[in-house]
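The values are calculated or read from the model by the stated rules, or taken from the named source; none is laboratory data. On a predicted model such as this, the values are computed, not experimentally measured, just so you know. Cβ sites come from the backbone with ideal geometry, for glycine too, and all protein chains shown count toward neighbours. Heavy atoms of the whole protein, side chains included, go into the accessibility calculation; ligands, DNA and RNA do not. Shrake-Rupley method; radii C 1.70, N 1.55, O 1.52, S 1.80 Å.
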Amino acid sequence: MDVNGETEREISDLIHRFYWLVDHGRAAETAEMFSEDARLTYGAGAPTPGDLQGEAVRLAMRQRQDIAGLVTRHIVSNLMLTRRGEDRVDSALLLTVFRSEEPSRDPLPHTVADVEESFVRDAGRWRIERRTISPIFVRA
C-alpha cells in the first residue's frame, strides 16, 4: 500500500528530528517519540548491542544525553516507506554515523548500518514502535 505525501513527510520529519536531537545533546527529548511498548534492537558491532523494550528504551535515551564528551552526527539516506495499515508504516534506511569521544573528532565514519523501523499512529501522532539497527561496516 502506498504512503501518501503527508504521511511520508511526517515519518521523515520524525526520523530526522530524532537524530538531530541525539546529535545536539537533547537525546532525552526523543524518549517521547517511542510507543509505550517500543522495542529497540542494536545489532552486533553497535556500541551497546542488545534489545531494549518499553520503559527501558525511554530510559536509555535519557541516559544517552548524559554521556559526557561524546559527539555524534547521524546521516540518514535511502529512506523507503511501506504502509502496513491505516495507522502503521514500516521504513528501511541507511544510517552513517560519525562518533567521537576524542577532541580530535576523527572525520571518518564510525558505522554504516541498515535500520528497519515500524511506526504506529497513536492519538494522531506517529511514534516509533520498533527500531532495529544492524551495523554493516564498523571501524575498529
Qualifying trypsin sites (Lys or Arg not before Pro) for the stretch 1-84 [loop in DSSP, other Cβ within 10 Å: at most 16]: R26
Ordering S104, S91 by accessible area with a probe of 1.4 Å, largest first, what comes out? S104, S91
Counting only protein heavy atoms and leaving out ligands, DNA and RNA, the solvent-accessible surface of W20 at a 1.4 Å probe, in Å² to the nearest 10, equals 110
May I ask which residue of L70, L94, G124 lies farthest towards the positive end of the charge dipole of the chain, with charges of +1 (Lys, Arg) and -1 (Asp, Glu) on Cβ and the Cα centre as origin? L70
Could you work out how far helix 55-65 tilts from the main Cα principal axis of the chain, as a 0 to 90 degree angle to the nearest 10? 40
Given a 1.4 angstrom probe, what's the average accessible area per residue across the chain, in square angstrom? 57
From the protein chains alone at 1.4 Å, what is the descending order of accessible area for I133, I11, largest first? I133, I11
Pop out the carbon and sulfur fraction of the accessible area of the stretch 13-80 as a percent, whole number, probe 1.4 Å. 54
Counting DSSP beta bridges with both ends in the chain, the antiparallel % (nearest 5): 90
Suppose accessible area is computed on protein heavy atoms with a 1.4 Å probe; arrange M61, M80 from highest to lowest. M80, M61
Expected field for H24, accessible surface area in Å² at 1.4 Å probe radius, rounded to 10, holds 90
If amide H atoms are modeled at 1.01 Å from N in the peptide plane, then the residues at a separation of 5 or more from A38, or on another chain, having amide H under 5 Å from its own are G54
